[in-house]
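The values are calculated or read from the model by the stated rules, or taken from the named source; none is laboratory data. Small disclaimer: the values here were computed from a predicted structure and weren't measured. As a convention, Cβ positions derive from the backbone with ideal geometry for all residues, glycine included, and neighbour counts pool all protein chains shown. These accessible areas exclude ligands, DNA and RNA; they are computed on the full protein's heavy atoms, side chains included. Shrake-Rupley method; radii C 1.70, N 1.55, O 1.52, S 1.80 Å.
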Amino acid sequence: MTADRPDHQRIVITGVGLTAPNGNSLSEFRQALLAGRSGVTAYETRYFGPTLAGVCHFDELRYQKRKEVRRGTRAGSIGIYCAREAVADSGIDWGNVDRSKVGIYIGVTEHGNVETENEIFLLKGYDYDTQFWSHHHNPRTVANNPAGEVSLNLRITGPHYTLGAACAAGNAGIIQGAQMLRLGDCDLALCGGVSESIHTFGIFASFHSQGALAKHEDPTKASRPFDLDRNGIVVAEGGCIFTLERLTDAQARGAKIYGEVAGYAMNSDATDFVLPDPTRQAECMRLALDRAGMQPEQIGIVSTHATGTSSGDTQECEALRAVWGSNDGQPTLFNNTKSFIGHAMGAAGALELAGNLPSFDDCVCHPTINLDRLDPQCELPGLVVNQPREGVQVDAILNNSFGMLGINSAVIVRKM
Amino acid sequence: MTAAEIRDAILDILHDIAPDEDLSNLKDEVPFREQLELDSMDFLDIVMELRKRYRIQIPEEEYTELSSMSSTVRYLEPRMKGI
């Protein structure tokens, strides 16, 4: 349990860098969440045609040359932007940081599909003659690319890799960072998740074939978890990277501390390729609580994973009720950030946690929006609907992120 | 293509693969690498773009002919005569 750990084994968040469809910094993102501002827009992609997506608008050239953008990948650019912003936000004296003791751990749902689809599209113009296949394809599509581009950009010589963890990847990145700090593999972890999936047609077409792609005449209302009229996922791009440090290191340099990674857990359903299992989801949350030495009622906000699919939302709510009960008197609040930005895939877990972190200080819980007709199967006591809940004391956040192939994760961050 | 047209074609390719560089003062006799930030992947880009745009095939052992603008134009002139 975290409460029993010595301070040099306690891990804290000291910096946040992000890009979301409705904000390119934590302050912009938070303002949008409190103002009920969606980032979902009309979007068109090759072959699939008009659809909806959460699209990011950060300035790639803030931290990269045009040649680097051309040579690299969108996921790499997202990672670089978020990592640079996180380092700046942490206030660490970067010029004097031992780069061999910095670790980069970035969660991805998938990587390489964008570049492969692009190459095949271009190759069609050459009648599929593979001598026109780009020599950039391999360095762009190796699975470590998004983390590797961060390493190149920031001249970090410590370990870098990505974690393929479907839509639990953002949490997986944070967990890996915390573990590597505890093991002494690094002194500073840059960790979280990124997603560039909106630049593939495949993800839209596949969700559509699965009957799980959202549509709505008003893009801002398409992502509607827990609502009776929900009809699927809005795919979004995004990224969020945290700087994690050991508590003793953070205190020694007088760092601003957002919160402590107090507990976490990952487990597997082992039941189905796509359908979730609420029993294992509940086990995952209980395990994270146990490791944090906390009871469910000590969690101020549960940041739910729900994506707006018919079965996924009800299954998560079943798991949440199994842990928190159905009692109206229980104090924990529940919200959902995908209702604003869509599903940012590998970035979702990290972004959704980041969006909630300011609640420790501003005492506001942002809501789940677009909830006009609550699905009775999604009833949760404490669900914050459409309007922010103000004046709430939040001492801990539990952040859920689940993914295909039955991968579950929960991260608990405690106020310091 | 004339030598001048080939030079323009190479400049177009360089604009694409080295978009941060100022090519207005490029010295034709000086190796590209001494005046531009180009690495081996960039030279492969030049080879690939010549293949894509003009169907010119350059054998690997002749890549060194592309070291400067003047050597590149000299090398390509007979190969792009009919283009």
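For the protein assembly as shown, the 222 nm mean residue ellipticity estimated from helices alone, with every DSSP H stretch of n ≥ 4 adding -39500 (n - 2.57) and the total spread over all residues, rounds to -10500 deg cm²/dmol.
Neighbours of residue A:186 by Cβ distance under 13 Å: Lys/Arg scored +1, Asp/Glu scored -1, total -1. What pairs from A:65/A:101; A:67/A:221; B:52/B:81; A:221/A:256; A:65/A:338; A:65/A:221 go past 28 Å between their alpha carbons? Among A:65/A:101; A:67/A:221; B:52/B:81; A:221/A:256; A:65/A:338; A:65/A:221, the Cα-Cα distance tops 28 Å for A:67/A:221; A:221/A:256; A:65/A:338; A:65/A:221. Interface A-B: total buried accessible area of about 1500 Å², 1.4 Å probe, protein heavy atoms only.
For chain B, the Stokes-Einstein estimate of translational diffusion at 10 °C and a viscosity of 1.306 mPa s comes to 124 µm²/s, using the Kirkwood hydrodynamic radius over alpha-carbon pairs. Remark on the range B:40-56: accessible area falls by at least 30 square angstrom from chain-alone to full-complex state for B:41, B:45, B:48, B:51, B:52, B:55, probe 1.4 angstrom.
Seen from a random direction on average, the alpha-carbon convex hull of the range A:263-414 projects onto 7.9 square nanometres. Electrostatic tally near residue B:27: other residues with Cβ closer than 14 Å to its Cβ, Lys and Arg +1, Asp and Glu -1, net -3. With each label modelled as a point 7 angstrom along the Cα→C-beta vector, the residue B:60-residue B:79 pair spans 1.6 nm. Normalised by the number of residues in chain A, the average gap of Cα pairs under 8 Å and 6 or more apart makes the relative contact order 24 percent. Remark on residue A:308: its backbone amide H falls under 5 Å from those of A:226, A:313, a criterion applied only to residues 5 or more positions apart or on other chains, H modelled at 1.01 Å from N.
Which of A:80, A:265, A:200 sits closest to the plus end of the dipole of chain A, meaning its Cα is farthest towards the positive end, when Lys and Arg get +1 and Asp and Glu get -1 on the C-beta? Of A:80, A:265, A:200, it is A:80.
Summarising the amide proton neighbourhood of residue A:302: residues at separation of 5 or more, or on other chains, whose placed amide H is nearer than 5 Å comprise A:333, A:334, A:335, A:398. Rounded to the nearest Hz, the phi-derived 3J(HN,Hα) couplings of the range A:11-21 under the Karplus curve 6.51 cos²θ - 1.76 cosθ + 1.60 (θ = phi - 60°) are 10, 10, 8, 10, x, 9, x, 8, 9, 10, x, where x marks glycine and proline. The charge dipole of the protein assembly as shown, taken about its Cα centre with unit charges on the Cβ of Lys, Arg, Asp and Glu (plus for the first two, minus for the last two), comes to roughly 420 debye. Note that the range A:220-227 has calculated 3J(HN,Hα) couplings of 5, 10, 6, 8, 9, x, 6, 8 Hz, one per residue in order, obtained from phi through the Karplus relation 6.51 cos²θ - 1.76 cosθ + 1.60 (θ = phi - 60°); glycine and proline are x.
Residues in the range A:282-318, backbone N under 12 Å from the label point at residue A:273 (7 Å along the Cα-to-beta-carbon vector): list them, ranges by number please. It comes to no residues whatsoever.
GNM on chain A, alpha-carbon springs under 10 angstrom: the most fluctuating residue among A:207, A:402, A:29 is A:207. What does the charge add up to near residue A:226, with Lys and Arg as +1, Asp and Glu as -1, over the other residues with Cβ less than 9 Å from its Cβ? After counting each charged neighbour, the total is -2.
Think of the protein assembly as shown as a dipole: +1 on every Lys or Arg Cβ, -1 on every Asp or Glu Cβ, centred on the Cα centre; then among A:160, B:44, B:68, A:160 lies furthest on the positive end. The Rg/Rh ratio for the range A:344-414 is 0.98, where Rg is the radius of gyration of the alpha carbons and Rh is the Kirkwood radius.
Taken over the alpha carbons of chain A as equal point scatterers, the Debye sum produces base-10 log I(q)/I(0) values at 0.07, 0.08, 0.10, 0.13 Å⁻¹ of -0.29, -0.38, -0.61, -1.04.
For chain A, the share of DSSP beta bridges that are antiparallel, to the nearest 5, is 65%. Per residue, the average separation of C-alpha pairs within less than 8 Å and at least 6 apart gives the range A:257-416 a relative contact order of 38 percent. Using the alpha-carbon centroid of each, what span in Å lies between the range A:76-133 and the range A:185-246? So the separation of the two Cα centres works out to 17 Å. Here the protein assembly as shown has 49 percent of its accessible surface on carbon and sulfur atoms, given a 1.4 Å probe and all protein chains in place. A simple charge model with +1 on the Cβ of Lys and Arg, -1 on the Cβ of Asp and Glu and nothing else charged puts the dipole of the range A:1-144 at about 240 debye relative to its Cα centre. What the Cα convex hull of the range A:130-218 gives, in volume per residue, is 167 Å³.
Once you divide the Cα radius of gyration of the range A:3-119 by 2.2 N^0.38 Å, the number left is 1.31.
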